[in-house]
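Student: Please find one structure pasted underneath; my questions will follow.
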Amino acid sequence: MARRTVRIAMNGVTGRMGYRQHLLRSVLAIREQGGLDLGGGDTLWPEPVLVGRREHALREIAERHGLAEWSTDLDAVLADTTLDVYFDAQVTSARVEAVKKAIAAGKHLYLEKPTATDLEGALDLARLADAAGVKHGVVQDKIFLPGLLKLKRLIDGGFFGRILSVRGEFGYWVFEGDWQQAQRPSWNYRAQDGGGITVDMFPHWEYVLHELFGRVTAVQAYVTTHVPTRWDEQGEPYEATADDAAYGIFQLEGGAVAQINSSWAVRVNRDELVEFQVDGTHGSAVAGLRECRVQHRSATPKPVWNPDLPATYAFRDQWQDVPDNAAFDNGFKAEWELFLRHVALDEPFAWDLLAGARGVQLAELGLRSHAEGRRLDVPELTL
């Protein structure tokens, strides 16, 4: 029996996502369970080295969680030959330069998406990482959510027959910041800082669609900024230069079509913050973050259109819950564990920098589709 240590530089842990999902609920959660079981009595112990620009914030997080190592000097951290993995959850505009340094230092890479601000930059990182012989992965957390795992179980079991369409609704009202504090950082709404819902969410929709239903072969999108003025963390008004809503239609390999609305200017009237309805010849399902409901063709009612009479039944009551049938872990943590096994044991890991580049490509083509007012093909990417 042996305990192996993997040292991870975690850049961007002072941000909301980097701290809550990656440090607290993933890496520290793995430590709290005693490490990652590698089999044969061996355990992998992640040792985070916190990296960022705000010294006081890094120190406070390190002290709160009993962590010994933190630094504002990325170059010095990457020069440490005992460091194994570089993780990046910074704002996208700062990512490429830092990742290139990590590649040059020979570190394995695990990155938040989008991996770069444009497709060429994303492909460049993938090529550099392959040439350096380092392992690399990209966060694609949505496919590890309980609701989508149940949905995949239905797909793998042939529940739907031929899948016809996918309808997705994502979003919630993000307060402007004047009379109630915004629940997202202000840079999200400034294009010059890498903000925008298209570049944020289209990479998610790419891997969700790709993994569950097939490769996206064409896209048509309309994007807009519904709320033109917001207030920043200091209470100062600023112009929202980035899009806060994106409406996309995606053609999928095999003939199915997906329509996904993404908005930070919508009030929620659904059971979860994101929901996907999948319709097939043999049945339909509605999957959210955690839950999934189905309606088989043998149990499908026969509604008749008659607006002159009130409905005497609740449509939602005609669906059946899909049971858990398993214990689901945090989606971010689940992928972290798979990536760390990839690093330690060379086990397969499909969600690499090329997969990340596909997400950047779809966002780029979505914005271009809106600008040109037309449907665009999505070429298959290779390195």
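Student: Over the Cα atoms of segment 210-313, Rg to Rh with Kirkwood Rh, two decimal places?
Tutor: We get a ratio of 1.08 for segment 210-313.
Student: Just to confirm the number: angle between the C-alpha axis of helix 197-212 and the first principal axis of the chain, 0 to 90 degrees, nearest 10?
Tutor: So the inclination is approximately 80 degrees.
Student: So for M201, M17, fewest C-beta neighbours within 10 Å to most, what's the order? Write down the numbers at each step before the final one.
Tutor: Numbers: M201 24, M17 16.
So the residues, fewest neighbours to most, are M17, M201.
Student: While we're looking at this one, here's another question. If you only keep lysine pairs separated by 8 or more in sequence, or across chains, how many in the chain come under 30 Å at the Cα atoms?
Tutor: Close lysine pairs found across the chain: 26.
Student: Given Cβ point charges of +1 (Lys, Arg) and -1 (Asp, Glu) and nothing else, what value in debye, to the nearest 20, does the dipole of the chain about its Cα centre take?
Tutor: Numbers: 41 positive and 54 negative charges, 149 e Å.
That gives a dipole near 720 debye.
Student: Mind listing the long-range amide H neighbours of V49? Cut-off is under 5 Å, sequence gap 5 or more, other chains count too, H placed in the peptide plane at 1.01 Å from N.
Tutor: I8, A9, M10
Student: Listing T81, T312, T224 from the residue with the fewest other Cβ atoms within 10 Å to the one with the most, what is the order? Each step should come with its number before you reach the end.
Tutor: Details: T81 8, T312 5, T224 13.
Ranking T81, T312, T224 by Cβ neighbours within 10 Å, fewest first, gives T312, T81, T224.
Student: What's the Kirkwood radius of the chain in Å, using all Cα pairs?
Tutor: 22.3 Å
Student: Expressed as a whole number of Å, what is the distance separating the alpha-carbon centroids of segment 160-198 and segment 94-109?
Tutor: With segment 94-109 and segment 160-198 each reduced to a Cα centre, they are spaced 28 Å.
Student: If you don't mind, there's one more thing I want to ask. Angle check, please: helix 146-156 long axis (alpha carbons) against the longest principal axis of the chain (alpha carbons), in degrees 0 to 90, nearest 10.
Tutor: On a 0 to 90 degree scale, this one is about 60.
Student: Can you list the HN-Hα couplings for segment 370-383, worked out from phi with the Karplus curve (6.51, -1.76, 1.60; θ = phi - 60°), rounded to whole Hz and with x for Gly and Pro?
Tutor: 5, 4, 9, x, 8, 7, 10, 5, 10, x, 6, 8, 9, 8
Student: Quick check: residue separation of R53 and T241 times 0.36 nm, minus the Cα distance between them. What number comes out in nm? Don't jump to the answer; show the numbers that get you there.
Tutor: Working: separation 188, 0.36 × 188 = 67.68 nm, distance 2.51 nm.
The span from R53 to T241 would gain 65.2 nm if fully extended.
Student: Same structure again: Counting other beta carbons within 10 Å of each Cβ, put H56, H65 in order, fewest first. Present the calculation step by step, with values, prior to reporting the outcome.
Tutor: Details: H56 8, H65 14.
With the fewest neighbours first, H56, H65 line up as H56, H65.
Student: Projected onto the charge dipole of the chain (+1 at Lys/Arg Cβ, -1 at Asp/Glu Cβ, origin at the Cα centre), which of Q192, L148, Y86 gives the Cα projection farthest towards the positive end?
Tutor: So the residue we want is L148.
Student: Taking the C-alpha atoms of segment 1-108, how large are the radius of gyration and the largest Cα-Cα span, Dmax, in Å?
Tutor: For segment 1-108, the Cα radius of gyration and maximum Cα-Cα distance read 13.8, 43 Å.
Student: In addition: Which listed residue (A98, H136, G66) has the Cα farthest towards the positive end of the charge dipole for the chain, taking +1 on Lys and Arg C-beta and -1 on Asp and Glu C-beta about the Cα centre?
Tutor: Farthest towards the positive pole: H136.
Student: Specify which residue in the list A9, V51, W173 is farthest towards the positive end of the charge dipole of the chain, using unit charges on the beta carbon of Lys, Arg (+1) and Asp, Glu (-1), about the Cα centre.
Tutor: Toward the positive end, the furthest listed residue is W173.
Student: Give a quick list of trypsin sites (Lys or Arg not before Pro) in segment 48-78 that DSSP marks as loop, anything other than H, G, I, E or B, with at most 15 other Cβ atoms within 10 Å. Can you show the working numbers first?
Tutor: On the way: sites: R53, R54, R59, R64; in loops: R53, R54.
Taking segment 48-78 and a limit of 15 other Cβ atoms within 10 Å, the loop trypsin sites (Lys or Arg not before Pro) found are R53, R54.
Student: In Å and on Cα atoms, what radius of gyration and Dmax does segment 237-278 show?
Tutor: Cα-based Rg and Dmax for segment 237-278 come out at 13.9, 47 Å.
Student: Skipping prolines and chain starts, which residues have an amide H placed within reach, meaning under 5 Å, of the one on V274, given they are 5 or more residues away or on another chain?
Tutor: L289
Student: Now for a different question. Filter the trypsin sites (Lys or Arg not before Pro) in segment 229-296 down to the DSSP loop ones having no more than 15 other Cβ atoms within 10 Å, then list what survives. Display every interim value, and only then the final one.
Tutor: Numbers: sites: R230, R267, R270, R290, R293; in loops: R267, R270, R290.
Here the sparse-neighbourhood loop sites are R267, R270, R290.
Student: Still on this structure, please answer the following. Rounded, prolate or oblate for segment 249-383? Axes are the square roots of the Cα gyration tensor eigenvalues, ordered a ≥ b ≥ c, and the cut-off for rounded is a/c under 1.5. Numbers along the way, then the final one.
Tutor: Numbers: a/c = 2.23, a/b = 1.38, b/c = 1.61.
Oblate, because a/c is 1.5 or more while a/b does not exceed b/c.
Student: Now a separate question. Loop-only GluC sites (Glu not before Pro) in segment 176-247, please: DSSP not H, G, I, E or B, and at most 15 other Cβ atoms within 10 Å. Mind showing how you got there, number by number?
Tutor: Numbers: sites: E176, E206, E211, E233, E239; in loops: E176, E233.
Those satisfying the criteria are E233.
Student: P(r) for segment 89-151, please, calculated from all Cα pair distances in 5 Å bins and given in %.
Tutor: Taking every Cα pair in segment 89-151, the percentages come to 4, 18, 27, 22, 12, 8, 7, 2, 0.
Student: Follow-up question, since we're still on this one. Compute the angle between helix 119-132 and the longest alpha-carbon principal axis of the chain, please, reported from 0 to 90 degrees and rounded to the nearest 10.
Tutor: So the inclination is approximately 50 degrees.
Student: Could you state the number of Å between the C-alpha centres of segment 214-245 and segment 1-72?
Tutor: 32 Å
Student: Seen from all sides and averaged, what is the projected area of the convex hull of the Cα atoms in segment 71-224, in nm²? Write down the numbers at each step before the final one.
Tutor: Working: hull surface 50.8 nm².
Average of the hull's projected areas for segment 71-224 equals 12.7 nm².
Where a number appears in this text, it was derived from the coordinates with a stated rule and is not lab data. All of these numbers come straight from a predicted model, not from anything done at the bench. Note that each Cβ is placed from the backbone with ideal geometry, even for glycine, and that neighbours are counted across all protein chains shown.
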